[in-house]
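K.L.:
Got a structure here, written out as structure tokens. Questions coming.
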């Protein structure tokens, strides 16, 4: 399943028909755009889950550092939970420039990627982060960071493909190669 998911995404990104996107039939452009959009939604969903897990283990590392310095404790973690789980990016000035995050029901790509995420750091491991020894906590944090980076790269590549397709579709409408009537009929 995991290899299938990676292959499925890679196939969307490496499709040889897009070497000359102007030669790709309109119906194929629309189909591939839809598949890329669904894949991007799945990757984004799992990326957000991975980021949440990464935030939790990162906070555990900070708590341990604070505790070693004589600060913190369990009360500190409970107090900080809303901050850990909040979407801090939405409050930034650049948030307006981000793509809209249409969340579709997670599909087979999300399920496969979630299996990979769970193999790295399951919800039960994250839920018991305070019980991990220092080395295990560091390893989980590193693995989650690498996985999140991989997902970010996939997502960025899917955005590039979607943007190229959308630009070509727009170009065809602007230059009169296709008309709105052809879509409606």
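The values are calculated or read from the model by the stated rules, or taken from the named source; none is laboratory data. Computed from a prediction, not measured in an experiment: that's the story for all the values here. Glycine also receives a Cβ, built like all others from the backbone with ideal geometry; neighbour counts cover every protein chain displayed.
Every residue, every condition in (1) surrounded by 15 or more Cβ atoms within 10 Å (Cβ to Cβ); (2) farther than 30 Å from residue 6 by Cβ; (3) at pLDDT 95 or above, yes or no:
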{"position": "46", "(1), (2), (3)": "yes, no, yes"}
{"position": "74", "(1), (2), (3)": "no, yes, no"}
{"position": "86", "(1), (2), (3)": "no, yes, no"}
{"position": "96", "(1), (2), (3)": "no, yes, no"}
{"position": "104", "(1), (2), (3)": "no, no, no"}
{"position": "108", "(1), (2), (3)": "no, no, no"}
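K.L.:
Given 112, 170, which one is in a helix (DSSP H, G or I) and in contact (Cβ under 8 Å) with a residue 24 or more places away in the chain?
P.N.:
So the residue among 112, 170 that is in a helix (DSSP H, G or I) and in contact (Cβ under 8 Å) with a residue 24 or more places away in the chain is 112.
K.L.:
Now for a different question. Restricting to the range 16-39, name every residue that is in contact (Cβ under 8 Å) with a residue 24 or more places away in the chain and in a helix (DSSP H, G or I).
P.N.:
Correct list: 18, 21, 22, 26, 29, 30, 32, 33, 36, 37, 38, 39.
K.L.:
What's the number of the condition residue 150 fails, among (1) free of Cβ contacts under 8 Å to residues at least 40 places away in the same chain; (2) exposed (fewer than 15 other Cβ atoms within 10 Å of the Cβ)?
P.N.:
It is condition (2) that residue 150 fails.
K.L.:
Being touching a helix residue (DSSP H, G or I) at 6+ places or on another chain (Cβ under 9 Å) and exposed (fewer than 15 other Cβ atoms within 10 Å of the Cβ) is the filter here, so list the residues in the range 160-171 that pass it.
P.N.:
Across the range 160-171, the qualifying residues are 160, 166, 167, 171.
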